[in-house]
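The next block holds one structure in the form of structure tokens; read it before the comments.
The values are calculated or read from the model by the stated rules, or taken from the named source; none is laboratory data. These numbers come from a predicted model, not from an experiment. Here the Cβ positions follow ideal geometry from the backbone for every residue, glycine too, while neighbour counts run over all protein chains shown. Areas reflect the complete protein model, heavy atoms only, side chains present, ligands, DNA and RNA absent. Shrake-Rupley method; radii C 1.70, N 1.55, O 1.52, S 1.80 Å.
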Amino acid sequence: MAKSVESNKIKSNQKLEIPPAINDFVIRFANTNGTGSASANNMFAKAIVRMGIPVSAKNIFPSNIQGLPTWFEVRVSEKNYLARRGGKSEIVVGMNAQSLFDDIDSVMPGGFFLYDSSKQLITDQLRDDIHYLGMPISAICQKEYQDPRQRQLFKNVIYVGALAALLNIEFDALKSLVGDQFKGKEKFITPNIYALEIGYQYANQHFICPLPIKVERRDLINDRILVNGNTGSGLGAVYGGATVVGWYPITPSTSVVEKFASYCERLRIDPASGKKNYALIQAEDELAAIGITIGASWNGARAFTATSGPGISLMTEFLGLAYFAEIPMVLINVQRAGPSTGMPTRTQQSDILSCAYASHGDTKHILLFPESPTECFEFSALSFDLTEQLQTPVIIMSDLDLGMNDHLTPEFIWDDEKKYNQGKLLSAEQLSEIKHYGRYLDIDGDGICYRTLPGTHPDKGAFFTRGTSRNRQANYSEKSDDYVDNMLRLTRKFETASQMLPQAEICQSKIPADMGLIYFGTTAHAISETMDQLKEHSLSVDTLRIKAFPFNHQLTKFIKEHNRIFIIEQNRDAQMRTVISTELQIDPAQLYSITNYDGLPITSKFIVQGILNKLSSKVVTEQVS
Amino acid sequence: MSFQKSKFHHPRLPVNDLGLTYRDYEGALSTLCAGCGHDSITSAIIQACHEQSIPPHKVAKMSGIGCSSKAPNYFLNKAHGFNSVHGRMPSVTTGANMANRDLLYLAMSGDGDSASIGLGQFAHVVRRQLDMVYMVANNGVYGLTKGQLAATADKGVKNKTGELSIFTDIDLCVMALQLGATFVARSFSGDKKQLVPLIKAAISHRGFAFLDIISPCVTFNNHPKSTRSYDYVHDNVVTGAIADFVPVKKEITSDSAQGGCEDICLHDGSIMRIQKITADYDSKNAMKAIVDIEEHKKKGEILTGLLYLDPTGSHFHEINNTTDTPLNQLDQDTLCPGSRILSSINDSFR
Ligand SMILES: Cc1ncc(C[n+]2csc(CCOP(=O)(O)OP(=O)(O)O)c2C)c(N)n1
Ligand code: SF4
Ligand SMILES: [Mg+2]
């Protein structure tokens with residue numbers, strides 16, 4: 001190490017050395033928003049994946065377009081621990097003068113700080129327990145490039161080149177990525193590879209490469225892909241047959257619709273006429289966005305909207321209508337940290353109550369909780385069947401971490417044999433055969449009635465859809481009996497729903513363990529690591545991952561079978577615990593909650609600490625990971 | 001409650017081209033106040049649809065919330081209807097129209113529904129150029145919530161309880177003209193001779209058609225101080241031209257050239273025959289229509305009739321380049337790209 005430190009003459013330090021680690025470390029990039037660092041950082045993460053090594057990559061970005069600090073954290077883990085690790089990083093790339101001191105502080109003792117040494121670091125007050133790897137990146141760019149934009153952009157590529165040497169990344173993996181990234185724009189390939197080489201050679205000449213923390217080729221990726229959840233959701237909607245979208249931009253949901261649109265531009269153009277087999281409307285607000293979705297679904301198209309917390313609030317009146325008038329519709333909620341604008345670029349699972357019971361009166365909605373981009377794809381496609389079968393809104397509860405960060409996830413699969421299921425929808429022929437049609441007759445006793453679409457039959461099946469109380473014939477009625485009859489049937493419908501929704505994922509030994517852990521959504525990423533850490537404490541636990549609401553008997557049984565139940569969630573008020581105790585009539589005192597709500601994805605450390613604290617019956621007060 | 005009408009048909013009721021009588025276009029028995037202007041609009045719609053031989057089940061009746069928004073229940077029983085939420089009919093209709101471009105969207109709203117809570121949605125559906133017939137029953141008050149002043153009430157008038165309208169009124173025709181509606185008309189529920197041809201023309205028009213229909217609320221806004229009472233409207237309506245509707249099938253006879261009539265050919269081949277009352281009437285000039293409306297208003301008059309018409313205007317699906325088949329009729333083979341394409345998409349993430 002001495003070479004780098006001495007050659008940069010910043011601080012010498014031979015004392016501390018972090019233990020060598022292969023394929024097991026965290027690297028953090030500190031950049032400035034709007035400087036084009038994202039694509040270089042992504043290239044870095046993907047190169048490691050191409051070497052067969054699992055990574056997780058998280059963008060920690062401000063609500064700002066240009067100028068504020070932004071971080072990108074990559075965890076390399078051959079054990080497939082893909083949640084955020086938390087704590088300090090083995091290596092930090094400090095490219096932002098604004099956050100320099102914080103960034104230096106975020107290096108693990110004995111770790112490395114790679115920085116742009118074109119300007120001297122102010123040396124007093126600097127930590128002396130880390131290694132400084134100075135590289136005059138700006139000066140190099142100043143010399144190499146004329147265009148100010150290139151000078152900025154290639155800085156990022158140059159440090160990736162340097163990291164390749166420092167961390168033992170195969171240069172060919174990077175080269176092939178550049179080739180893929182600029183397919184069709186070949187003139188960019190050579191300059192990018194050139195910039196990578198500048199960094200690579202500089203590092204080789206000035207630092208001892210590789211560092212004790214490094215990567216080594218493995219074969220651990222299998223059929224996994226590296227993609228974000230919003231891409232999965234948007235693509236799932238294409239596969240699920242969505243044709244109409246009403247939406248209004250809001251982080252972190254915007255890219256769901258953008259991805260849907262870009263796949264449609266490729267896959268949904270009628271080959272003969274060149275016309276669009278879809279309609280996308282950027283509405284004036286979320287009220288209109290959901291109105292469009294409901295209108296389209298009422299008329300038999302598969303339609304969805306995507307939003308986040310503030311949009312959910314605006315949509316609640318319409319959600320009540322869709323529940324009561326029994327209109328299908330899909331709503332993708334990519335949750336962020338609220339209330340109000342809150343931390344709009346940070347993650348949370350804090351809309352559970354506002355979605356489960358969105359709207360006035362006795363309302364309830366179907367929620368699906370995807371854990372991965374693969375499930376975003378599957379649930380998105382599936383939700384169009386579910387909403388038509390159940391004739392009620394289906395809300396997909398993604399979150400910012402899942403939606404916007406790339407995750408290693410099983411590849412997307414589609415079964416060509418699978419046919420769309422429109423549920424109880426009557427055709428003209430079926431209507432002709434029916435003696436008497438009543439929109440809200442529960443003929444099958446499952447609470448689900450038969451639907452008709454406008455324009456189907458010349459004189460049968462028409463009715464007046466409304467939010468006002470009505471009888472089984474869909475005629476306006478304010479008779480108490482009619483109202484109660486209808487509400488009871490809706491309850492029955494939700495019982496049916498609970499059997500049709502994706503089942504919980506349970507990991508349980510033959511003899512149930514003493515403790516049961518209940519979790520959902522992105523918390524899943526931290527679970528395997530949590531289990532291993534608990535084992536080290538000689539604790540064994542069973543787990544249940546909730547995939548859908550309303551719950552069914554599985555959850556009740558799991559809770560009954562365990563002496564201690566922990567519910568892990570990413571919000572302050574233990575919202576899932578509230579829903580569970582209300583819906584399943586379980587004494588909330590029996591349900592311990594572990595809640596992380598600092599806006600960053602939950603870590604296994606946090607969960608384990610929460611459990612240990614509880615077991616040693618320390619009062620769990622505020623814990624921030 | 002809604003009450004069904006008796007199904008008794010007079011054997012000699014006239015039938016239209018589809019073999020349907022007037023009664024085939026009726027709805028449930030109205031529960032609005034006796035004499036409410038909205039019921040006259042209902043009967044004008046029934047007459048227009050019957051005479052134009054519109055297949056009832058190919059109509060979607062859209063509305064928001066209000067007495068006026070209940071009206072679709074009282075016409076075209078064989079059509080599906082959607083009584084949505086207050087002020088949001090335009091978005092629901094937008095979605096419905098996206099799903100099936102082949103239906104006729106007849107929408108009813110109130111002045112509270114469109115000029116207050118739903119003003120934003122109104123503005124945006126106009127600029128989106130949705131192919132629909134948008135009718136507002138303009139009574140200057142909120143009927144259903146018992147007579148509060150609407151934003152369309154003229155400045156300086158009082159409602160029944162004596163509350164003064166102190167702010168500038170919103171004129172939805174003026175807004176529609178500004179925002180690019182290609183068919184704009186104002187009429188009076190008490191003047192079927194004017195209203196029925198306008199509804200027919202609005203139906204035949206391709207693109208966004210807006211009809212503001214003065215429709216007195218007998219219960220809350222029919223007093224002597226009101227500018228939306230039957231008496232006031234009767235006494236103060238003026239029109240720039242009489243517009244008659246000549247359906248496609250009627251051969252255009254030589255009398256079209258008579259008396260300085262101007263024929264405007266609509267998209268489906270039918271004709272709007274304009275007989276000018278004032279010499280400078282011009283159905284092609286939206287800016288002039290705005291000025292005319294405002295000038296008459298200053299004199300306490302209500303300018304009615306066809307205010308603006310651009311029969312060549314576009315509409316959403318044309319602009320969007322949506323496929324001709326209604327989207328709700330595309331099958332899975334057309335919509336779903338299948339597993340082979342998915343595997344190449346997967347490869348882009350490796
Ligand atoms: C969100 C919401 N706010 C308020 C109401 C109460 N409300 C029902 S109808 C109405 C006004 C209707 O006025 P208008 O559209 O002019 O119809 P009219 O009854 O005059 O025909 C109001 C305020 C409601 N239904 N929903
Ligand atoms: S209150 Fe007015 S608007 Fe409502 S039904 Fe009666 S007369 Fe018509
Ligand atoms: Mg009104």
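From the residues in the stretch B:31-81 that are more than 16 Å from the chain's Cα centre (by Cα) and within 16 Å of ligand 3 (Cβ to nearest atom), which one is farthest from B:Ile199 (Cα to Cα)?
Filtering the stretch B:31-81 for residues that are more than 16 Å from the chain's Cα centre (by Cα) and within 16 Å of ligand 3 (Cβ to nearest atom), the one farthest from B:Ile199 (Cα to Cα) comes out as B:Cys33.
Kindly establish whether A:Gly67 is part of a loop (DSSP other than H, G, I, E, B) and in contact with a Lys or Arg (Cβ under 7 Å, 6 or more places away or on another chain).
no
Which of the residues that make up the stretch B:27-42 are more than 12 Å from chain A (Cβ to nearest Cβ) and open to solvent by less than 30 Å² (accessible area, probe 1.4 Å)?
B:Leu32, B:Cys36, B:Gly37, B:His38, B:Ile41, B:Thr42
Take the residues in the stretch B:69-88 that are of a type in the set (Gly, Ala, Ser) and in contact with a His (Cβ under 7 Å, 6 or more places away or on another chain); name whichever of them is farthest from the other protein chains (Cβ to nearest Cβ).
Here the answer is B:Ala71.
Testing A:Gln590 on (1) open to solvent by 10 Å² or more (accessible area, probe 1.4 Å); (2) more than 17 Å from A:Lys614 (Cα to Cα), one condition comes back false. Which one is that?
(2)
Cβ-Cβ under 6 Å, sequence separation 6+ or interchain: first residue in the stretch B:110-138 and within 12 Å of another protein chain (Cβ to nearest Cβ) and within 14 Å of ligand 3 (Cβ to nearest atom), partner open to solvent by 10 Å² or more (accessible area, probe 1.4 Å) and at pLDDT 95 or above. Which pairs?
The qualifying pairs are B:Ile117/B:His86.
Look through B:Lys193, B:Lys160 and report the one residue that is within 16 Å of ligand 1 (Cβ to nearest atom) and either among the basic types (Lys, Arg) or within 14 Å of chain A (Cβ to nearest Cβ) (or both).
Answer to the selection: B:Lys160.
Taking interchain pairs and intrachain pairs at least six residues apart, which have beta carbon atoms under 7 angstrom, with the first residue in the stretch A:449-466 and facing chain B (nearest Cβ under 7 Å) and the second open to solvent by 10 Å² or more (accessible area, probe 1.4 Å) and of a type in the set (Phe, Trp, Tyr)?
A:Thr465/A:Trp298
Could you grab the pairs with beta carbons closer than 9 Å, sequence gap of 6+ or different chains, first residue in the stretch B:309-324 and at the interface with another protein chain (Cβ under 10 Å from one of its Cβ atoms) and farther than 21 Å from B:Ile290 by Cβ, second one of a type in the set (Gly, Ala, Ser) and open to solvent by 10 Å² or more (accessible area, probe 1.4 Å)?
Correct list of pairs: B:Asn321/A:Ser273; B:Asn321/A:Gly274; B:Thr323/A:Ser273; B:Asp324/A:Ser273.
Please return the ranges of helices (runs of 4 or more DSSP H) entirely within the stretch A:216-299 where 1 or more residues are surrounded by fewer than 19 Cβ atoms within 10 Å (Cβ to Cβ) and facing chain B (nearest Cβ under 10 Å).
Where helices (runs of 4 or more DSSP H) fall fully within the stretch A:216-299 and carry at least 1 residues being surrounded by fewer than 19 Cβ atoms within 10 Å (Cβ to Cβ) and facing chain B (nearest Cβ under 10 Å), they are A:254-267.
Take B:Gly19 and tell me if it is within 12 Å of chain A (Cβ to nearest Cβ), at positive phi, open to solvent by 10 Å² or more (accessible area, probe 1.4 Å) and part of a loop (DSSP other than H, G, I, E, B).
The answer is yes for B:Gly19.
Can you confirm whether B:Ile170 is more than 9 Å from ligand 1 (Cβ to nearest atom), more than 14 Å from chain A (Cβ to nearest Cβ) and under 25 Å from B:Gly313 (Cβ atoms)?
Against the criterion (more than 9 Å from ligand 1 (Cβ to nearest atom), more than 14 Å from chain A (Cβ to nearest Cβ) and under 25 Å from B:Gly313 (Cβ atoms)), B:Ile170 qualifies.
When the residues of the stretch B:264-293 are filtered to those that are touching a residue at least 24 places away in the same chain (Cβ under 8 Å) and among the polar types (S, T, N, Q), which remaining residue is surrounded by the most Cβ atoms within 10 Å (Cβ to Cβ)?
Ranking the qualifying residues of the stretch B:264-293, first place goes to B:Ser283.
Applying the selection to the stretch B:191-231, what residues are open to solvent by 40 Å² or more (accessible area, probe 1.4 Å) and within 16 Å of ligand 3 (Cβ to nearest atom)?
B:Val218, B:Thr219, B:Phe220, B:Asn222, B:Tyr230
Which count do you get for residues in the stretch B:155-171 that are in contact (Cβ under 8 Å) with a residue 40 or more places away in the chain and open to solvent by less than 80 Å² (accessible area, probe 1.4 Å)?
4
Out of all the residues in the stretch A:473-502, which are within 14 Å of another protein chain (Cβ to nearest Cβ) and not in a strand (DSSP E or B)?
Across the stretch A:473-502, the qualifying residues are A:Gln473, A:Ala474, A:Asn475, A:Ser477, A:Glu478, A:Lys479, A:Ser480, A:Asp481, A:Asp482, A:Tyr483.
Please state which one of B:Ala181, B:Ala185, B:Ala151 is touching a helix residue (DSSP H, G or I) at 6+ places or on another chain (Cβ under 6 Å), more than 12 Å from ligand 3 (Cβ to nearest atom) and assigned to a loop (DSSP other than H, G, I, E, B).
That would be B:Ala181, the only listed residue that is touching a helix residue (DSSP H, G or I) at 6+ places or on another chain (Cβ under 6 Å), more than 12 Å from ligand 3 (Cβ to nearest atom) and assigned to a loop (DSSP other than H, G, I, E, B).
Name the strands (runs of 3 or more DSSP E) wholly within the stretch A:341-450 that hold at least 2 residues that are surrounded by 18 or more Cβ atoms within 10 Å (Cβ to Cβ) and under 13 Å from the mean Cα position of the chain (by Cα)?
Hits in the stretch A:341-450: A:393-399, A:406-410.
Pick from the stretch A:103-137 the residues that are of a type in the set (Asp, Glu) and touching a residue at least 24 places away in the same chain (Cβ under 8 Å): which of them is nearest to A:Pro20 (Cα to Cα)?
A:Asp129
Collect the residues in the stretch B:95-115 that are out of contact with any Gly (no Cβ under 6 Å at 6 or more places or on another chain) and polar (S, T, N, Q), keeping them in residue-number order.
B:Asn97, B:Asn100, B:Ser114, listed by residue number.
Could you list all residues from the stretch B:119-154 that are near ligand 1 (Cβ under 8 Å from one of its atoms), open to solvent by less than 30 Å² (accessible area, probe 1.4 Å), of a type outside the set (A, V, I, L, M, F, W, C) and under 24 Å from A:Thr465 (Cβ atoms)?
B:Gly143
Could you please find all residues in the stretch B:45-72 being among the small types (Gly, Ala, Ser) and either over 20 Å from B:Leu104 (Cβ atoms) or within 16 Å of ligand 1 (Cβ to nearest atom) (or both)?
B:Ser63, B:Gly64, B:Gly66, B:Ser68, B:Ser69, B:Ala71, listed by residue number.
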